[in-house]
Every structure is written in structure tokens, then in C-alpha cells.
1. Considering each residue of the range 115-128, count those that are more than 15 Å from the ligand (Cβ to nearest atom) and loosely packed, with under 15 Cβ neighbours inside 10 Å, and give that number.
2. Select from the range 154-176 the residues that are within 20 Å of the chain's Cα centre (by Cα) and either within 16 Å of the ligand (Cβ to nearest atom) or surrounded by fewer than 20 Cβ atoms within 10 Å (Cβ to Cβ) (or both) and list them in ascending order.
3. So if I check each of Thr148, Thr105, Thr135, which one is more than 13 Å from the ligand (Cβ to nearest atom) and under 19 Å from Gly68 (Cα atoms)?
4. Being farther than 17 Å from Thr94 by Cβ and part of a strand (DSSP E or B) is the filter here, so list the residues in the range 122-146 that pass it.
5. Any chance the range 63-72 includes a residue that's surrounded by 15 or more Cβ atoms within 10 Å (Cβ to Cβ) and either basic (Lys, Arg) or in contact (Cβ under 8 Å) with a residue 40 or more places away in the chain (or both)?
6. Looking at (1) out of contact with any Cys (no Cβ under 9 Å at 6 or more places or on another chain); (2) not in a strand (DSSP E or B), which is the only condition Ile83 fails?
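No lab work stands behind these numbers, since they all come straight from the coordinates. Remember, predicted model here, so these are calculated numbers, not experimental data. Cβ atoms come from the backbone with ideal geometry, glycine included; neighbour counts cover every protein chain shown.
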Amino acid sequence: MSGRRLGIAALLLVLLGIVLVGASAVLGSSPGIGGGPGWFSGMMGGDGYGPGMMGGNGPGFDNGPQPGDAGFVPGTADAPRLIQVIAGPGYTFTPSTVTVQRGETVTFAVTTMGPLVHEFMVGPADAVAADQEGTPEIAEIGMMQRKTLTYTFDGSGSYAFACHAAGHYEAGMRGTITIVG
Ligand SMILES: [Cu+2]
């Protein structure tokens, strides 16, 4: 190796060291690169595998402050609040319960995990349960596809969401919406 190449190699090593130290700092309380539950919960934005994966924020998504949380900002028609939802694998939605403030406008971004093709219908609970014609719906969300639907919760009743692909609703693929305010 020439002296010049050696110099470049040394420089690269130094840069790599800086990157690794930076990553450690970003990961905070983590015991080291790739180590332990601290690193994992940091990645998932939750309190560890259970609540971080299955709780209100969904797997790997941070849907931000929810109604009642400090820093919550209700969605408006001009600036809808984004709620990310995972459809599947299997006949599940994550999160399965979504909380919205009455009157706010929300954009649901629904991503399918797994090979099944899903739908996402949202609206008044009775219309969603009955798969009523005209109820807002995203059709055919294929594997790893992400589609959005914006909805304003301006009625006085209760709301729900569901997948009405053949057999999915019956298999339990539905979610509840908790209205506050
Ligand atoms: Cu489905």
C-alpha cells in the first residue's frame, strides 16, 4: 500500500469511528450498537416490544400526540392529522383502536403487511358494519402498498373502520374509533 493509500485508509477509519460514536449518541441510553432492549425500544418509539408494537402508535410508527396528550394538535381540513395504520398480517388492523377529537379531519395512511389484499372503510359505525354503499373506503391495498383516505369526524354518532374484503370482516378485521371532546 502506498503512503497516500494508507493515508486515505486511515481517514476512512476515523470517519467510520465518528459515525459509530454519533450513532451511539443518537441511540441514547443504549448499551452499544445493536445491543439490548434500550436500542430496540428506541427504534420502535415505544416502551419495548409489547406496547411499542401493539399500542396506539402501531408497529414502528409514531403517530404523535393523541387527543388528551400534551402537544396534541387536532387535524383540520387544511392540515389533516396523519394516522398510520397497518393492515395485516392476517385479519388485523394495528392499531385496532384510534382516538380522534370530534370534528377533526384525519388522513389515514393504510399499509398492507403480508400477502392478503385489504380494504379500509371508515365512517359511521352502523354504515361500516353493514358495508353500506357510499361509505368512504380505500379499495385493494396490496402487499406493502400504502394508500390514504381523508375523513372528517363531524357527526354526532359513533364511528368505526373495517376491511370488507370477502370474509375479512367476519374474521374480525375491524377497528373502533374513540371520539373525545
Ligand atoms: Cu382485509
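1. Count: 1.
2. Ala160, Phe161, Ala162, Cys163, Gly172, Met173, Arg174, Gly175, Thr176
3. Checking each option against the conditions leaves just Thr105.
4. Once the filter is applied, which keeps residues that are farther than 17 Å from Thr94 by Cβ and part of a strand (DSSP E or B), the range 122-146 yields Gly123, Pro124, Glu137, Ala139, Glu140.
5. yes
6. Evaluating Ile83 over (1) out of contact with any Cys (no Cβ under 9 Å at 6 or more places or on another chain); (2) not in a strand (DSSP E or B) leaves (2) as the failure.
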